[in-house]
1. When residues of segment 28-63 are filtered for being crowded, with 17+ Cβ neighbours inside 10 Å and of a type in the set (Asp, Glu), how many remain?
2. Inspect segment 58-68 for any residue being more than 19 Å from Ala132 (Cα to Cα) and at pLDDT below 95 and give the result as yes or no.
3. Would you check which residues across segment 76-110 are part of a helix (DSSP H, G or I), small (Gly, Ala, Ser) and either open to solvent by less than 40 Å² (accessible area, probe 1.4 Å) or under 24 Å from Leu2 (Cα atoms) (or both) and list them?
4. Which count do you get for residues in segment 61-75 that are outside any helix (DSSP H, G or I) and more than 19 Å from Ala158 (Cα to Cα)?
5. Does Ala132 satisfy the condition of being under 29 Å from Ala16 (Cα atoms), open to solvent by less than 40 Å² (accessible area, probe 1.4 Å) and either out of contact with any strand residue (DSSP E or B) (no Cβ under 9 Å at 6 or more places or on another chain) or not charged (D, E, K, R) (or both)?
6. So for segment 149-170 (the condition being open to solvent by 50 Å² or more (accessible area, probe 1.4 Å), more than 20 Å from Leu57 (Cβ to Cβ) and touching a residue at least 40 places away in the same chain (Cβ under 8 Å)), does at least one residue qualify?
7. Looking at segment 29-39, is at least one residue modelled with pLDDT of 95 or more, touching an Asp or Glu at 6+ places or on another chain (Cβ under 8 Å) and hydroxyl-bearing (Ser, Thr, Tyr)?
8. How many of the residues in segment 64-75 are surrounded by 13 or more Cβ atoms within 10 Å (Cβ to Cβ), within 16 Å of Ser104 (Cβ to Cβ) and not hydrophobic (A, V, I, L, M, F, W, C)?
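The values are calculated or read from the model by the stated rules, or taken from the named source; none is laboratory data. Small disclaimer: the values here were computed from a predicted structure and weren't measured. Heads up, the Cβs are rebuilt from the backbone with ideal geometry, glycines too, and the neighbour counts pull from every protein chain shown. Surface areas here come from the heavy atoms of the whole protein model, side chains and all, with no ligands, DNA or RNA. Shrake-Rupley method; radii C 1.70, N 1.55, O 1.52, S 1.80 Å.
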Amino acid sequence: MLLAHAGNRIDAEDRAEPRFPTTQVGIVTEVIARALGDLRPSSVVSAAANGADLIVLAEAQRRGIATHVVLPLPANAFLETSVAGADPSWVEMYCRVLDTAGTSPGSTVETLDLDAESEWYLIANGLILQRARAVARHDEAIVAMTVRPTEGETPPSATDDFARLAAEAGLTVLTIDPRPGRTGPLRIT
């Protein structure tokens, strides 16, 4: 089984409605670690934004699982738009994750330049699923994992869009809700 992932970034300090507050990083990391231990995927495909993406990739690498990082922008541009601005430890994690994926056998980093596209972050969802299909062995199942509010958001977030695309492709979608008091067993849709 191969795991394709998309998840919420850490909340900005001024976010009115909590979605993934920094106080939840520890518990979300524990739930992701348990999920990876239970699922035992052959590899994980994800972008590398701060928050859920980097947690999933780092935990997979810690377990020796191959990681395939999809960057919809050049590495430095992605760092500036999707990693920096939060706690500096996310930048360090980003650099470690990319270095490990770029040097570990069976792992890859795919860098694109969609900067001219206004909704590059939505296009990236399809690219993650496309990369998962390319990496999966002929008979290997692909499961999608999201870290987002289980009921979705209004308007839908980029992670909600990923869940929709995965479901439309017939994939099982596992969801971890990162909000306080909501993190618990995986929700399967």
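1. Of the residues in that region, 2 qualify.
2. No.
3. In the first step, residues of segment 76-110 are kept if they are part of a helix (DSSP H, G or I); the result is 76-82, 89-103.
Restricting the remaining residues to those that are small (Gly, Ala, Ser) gives 77, 82, 89, 101-102.
Result: Ala77, Ser82, Ala101, Gly102.
4. Filtering segment 61-75 down to residues outside any helix (DSSP H, G or I) leaves 63-74.
From the residues that got through so far, the ones that are more than 19 Å from Ala158 (Cα to Cα) too are 63-68, 74.
Qualifying residue count for the region: 7.
5. Values: under 29 Å from Ala16 (Cα atoms): no; open to solvent by less than 40 Å² (accessible area, probe 1.4 Å): yes; either out of contact with any strand residue (DSSP E or B) (no Cβ under 9 Å at 6 or more places or on another chain) or not charged (D, E, K, R) (or both): yes.
So Ala132 fails the test.
6. Looking only at segment 149-170, we keep the residues that are open to solvent by 50 Å² or more (accessible area, probe 1.4 Å), and these are 151, 154-156, 164, 167-170.
Those still in the list that are more than 20 Å from Leu57 (Cβ to Cβ) too: 151, 154-156, 164, 167-170.
Now restrict to residues that are touching a residue at least 40 places away in the same chain (Cβ under 8 Å): 169.
Yes; the residues of segment 149-170 include at least one that is open to solvent by 50 Å² or more (accessible area, probe 1.4 Å), more than 20 Å from Leu57 (Cβ to Cβ) and touching a residue at least 40 places away in the same chain (Cβ under 8 Å).
7. Yes, there is a match, as at least one residue in segment 29-39 is modelled with pLDDT of 95 or more, touching an Asp or Glu at 6+ places or on another chain (Cβ under 8 Å) and hydroxyl-bearing (Ser, Thr, Tyr).
8. Qualifying residue count for the region: 2.
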